Each structure stands twice: as C-alpha cells, then as structure tokens.
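Have a look at the structure below before the remarks.
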Amino acid sequence: MNIAVVGLGLIGGSFAKATKQKTLHNVYGYDTDDEVQLFARLTGAIDAKLTDEILTECDLVIVALLPGAAVKWIEGKKNVLGKGKCTVIDICGVKRNICKVLSQCAKKNNFNYIGGHPMAGKEIGGFVNSSEDLFENASMILTPTEKYDIKFLESIQNYFLDIGFSNITFATPEEHDRVIAFTSQLAHIVSGAYVKSPTAKQQRGFSAGSFKDMTRVARLDENMWTELMMENKDYLAQELRIVIDNLKEYLDALETKDSQALCKCLKEGKIAKAQAGGN
C-alpha cells in the first residue's frame, strides 16, 4: 500500500517508522515544520514528502494532528482525497465531534473515513522521540460510523497488527469519549493536581515508584491536552466529580480520626483495583 502520514510528531513519526521497519508499504509524510519533514526523509522514516499528486495514489491516510487541525487539513484536501477514494483515519484523542464532521465530509467527497486512537504515547513529544516500537503490545481503538464491509475492516485491522498493536478495539465515538475521560484524561488532571503540592519540591531522597507513577504524566503538552479535554469536557467533568467525592471520604475519615472509615476506604480501593484489572 501507499500510506500517507500527516503530522510527524511523536505519534505520526512512530506510525511512519513502524510502517517502514515492519512492513513493505511505501510511506509519504507531511509536516508543517520543513526541518522535521526533511529529517524524517533523511532517517528513512518516510520515502518522500507527501504532495497532492502522491495523495491521490495513497490507499491509507493517517492524520496525526490535533482535532481542530485534523478537521481543517482533511476538509482542505477533500477533493484530492476523493479522487483517490482512499481511507482516512484520524488518530485524535477525542472522537465524537471529529467523527461527526469528518464522516459527513467523507460521504460527500467519496472517500472512506474511520476514527482511530492508539493507546500509546510518552510524556515527551516530537519526531525525535518517536519510535518504531511505540505501539508494541498496545491497543488501537477504531470508531467507524459507517457499515463497512468486513473484509475492508479486516484489512485495516491487519495493518495495525502488522506495525505492533496487539489488540484492536471497536467502539462508538460516544463510548470512546466516555471511557477515555477516565482512563487517560482524568489521570493527567489528577497527576498534575497531585504534584502541585509544595511538598513535591522536597521529595528527593524520599520518593520511589509511587511518586514516579503518580507524577509521570504531569509532564505534558498543556496546549494539546487543553484542546482534548475541552472537547470532552462533559464526560471529564463527570469523572472528576467522582474523584473529588471519593477523596472527600478519605479526608473526612482523617479529620474525624475515624480509623475504621479510613480502613474501609482503603479496602474499597483495593477491591476496585482488583475488579478493574490491569497492571
């Protein structure tokens, strides 16, 4: 296949590298930063710069941009995308609004569109931090809004499996945003709130795995996460209220010196973790 990757940051760069390293597909890349684009070419992550002419020959177009920029780019290239009847997959971290807009755009302009979200990443971004192994054993979420042929979906699924993903999860855009508010966005908020304590500056020599686990994702791109969180503010606010209510139970137990209530809170957390599974 001819595959285009639009946006050569951490995720887009990793898609390009993984595709080149693990498949025989041709990869064409585009980035607004000419130096990044050139570096990707020189390091073999892409075969050539993506042009409109090449775009018409592409079978799969992966758009690794923030929601607003992804919609703008795809709508700006809708006529070119329609000529090639390609499949476009955005990999934004929110799905409801972008899937609604782009599914209509695809219908009107004769190309296929599927929303996607790779459950992989790092707390530091940019092409220089991208890796062909970023998606190893990760889950790829796909949110098709149309009834596509099963063979077509299998071909898309096989591509993601080929570049390292171990699991493909299909969901509606609504389900994606509801669950991701808890599993990803809320974790970043809690991490940031936790590390704001003045005591965090005094942690050297006193911290181990717990501190590292709790603070890792506080090292984020605030502009990117603001856009993602505001796009999903209803579900995220709902999850945040639950955390605040739960924390209040711990605080009440401590302030009233109620050891039984505190023990109950801790036990409930342990049970909830066991039921949730995961590492």
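Scan the stretch 75-93 and give yes if some residue there is in contact (Cβ under 8 Å) with a residue 60 or more places away in the chain and surrounded by fewer than 20 Cβ atoms within 10 Å (Cβ to Cβ), otherwise no.
no
Given the condition out of contact with any Cys (no Cβ under 7 Å at 6 or more places or on another chain) and modelled with pLDDT under 95, answer yes or no: does some residue in the stretch 9-22 qualify? Write out each step before concluding.
Here is the first cut: in the stretch 9-22, the ones out of contact with any Cys (no Cβ under 7 Å at 6 or more places or on another chain) are 9-22.
Of the ones still in play, those that are also modelled with pLDDT under 95 are none.
No, every residue in the stretch 9-22 fails to be out of contact with any Cys (no Cβ under 7 Å at 6 or more places or on another chain) and modelled with pLDDT under 95.
Looking only at the stretch 121-170, which residues are assigned to a loop (DSSP other than H, G, I, E, B), without any contact (Cβ under 8 Å) to a residue 40 or more places away in the chain and on the phi < 0 side of the Ramachandran plot?
Just the residues of the stretch 121-170 that are assigned to a loop (DSSP other than H, G, I, E, B), to begin with: 121-126, 130-138, 144-149, 163-166.
Those still in the list that are without any contact (Cβ under 8 Å) to a residue 40 or more places away in the chain too: 136-138, 144, 147-149, 166.
Residues satisfying the conditions are Glu136, Ala138, Pro144, Lys147, Tyr148, Asp149, Ser166.
Where in the stretch 180-264 are there helices (runs of 4 or more DSSP H), lying fully within it, with 1 or more residues that are on the phi < 0 side of the Ramachandran plot and at pLDDT 95 or above?
Here the list reads 186-195, 222-231, 233-255.
Which one of Ile98, Ile46 is in contact with a helix residue (DSSP H, G or I) (Cβ under 8 Å, 6 or more places away or on another chain), buried (at least 22 other Cβ atoms within 10 Å of the Cβ) and outside any loop (DSSP other than H, G, I, E, B)? Don't jump to the end; show me each part of the working.
Working: Ile46 fails: outside any loop (DSSP other than H, G, I, E, B).
None of the other options fit; the residue is Ile98.
Tell me which residues, restricted to the stretch 265-279, are open to solvent by 60 Å² or more (accessible area, probe 1.4 Å) and part of a helix (DSSP H, G or I). Don't jump to the end; show me each part of the working.
Taking the stretch 265-279 and keeping what is open to solvent by 60 Å² or more (accessible area, probe 1.4 Å), we get 266-268, 270-271, 273-276, 278-279.
If the condition is that a residue be open to solvent by 60 Å² or more (accessible area, probe 1.4 Å) and part of a helix (DSSP H, G or I), then Leu266, Lys267, Glu268, Lys270, Ile271, Lys273, Ala274, Gln275, Ala276 are the ones that fit.
Picking from Ser139, Ser103, which residue would you name as being within 23 Å of Met1 (Cβ to Cβ), hydroxyl-bearing (Ser, Thr, Tyr) and more than 16 Å from the chain's Cα centre (by Cα)?
Values: Ser139 fails: more than 16 Å from the chain's Cα centre (by Cα).
Unique residue meeting the criteria: Ser103.
(1) open to solvent by less than 40 Å² (accessible area, probe 1.4 Å); (2) in a helix (DSSP H, G or I): which one isn't true of Val27, the others all being true?
(2)
The values are calculated or read from the model by the stated rules, or taken from the named source; none is laboratory data. As the structure is a computational prediction, the values presented were derived from the model and not from experiment. Don't worry about glycine lacking a Cβ; one is built from the backbone with ideal geometry, like all the others, and counts go over all protein chains shown. Note: areas computed on protein heavy atoms with side chains; ligands, DNA, RNA excluded. Shrake-Rupley method; radii C 1.70, N 1.55, O 1.52, S 1.80 Å.
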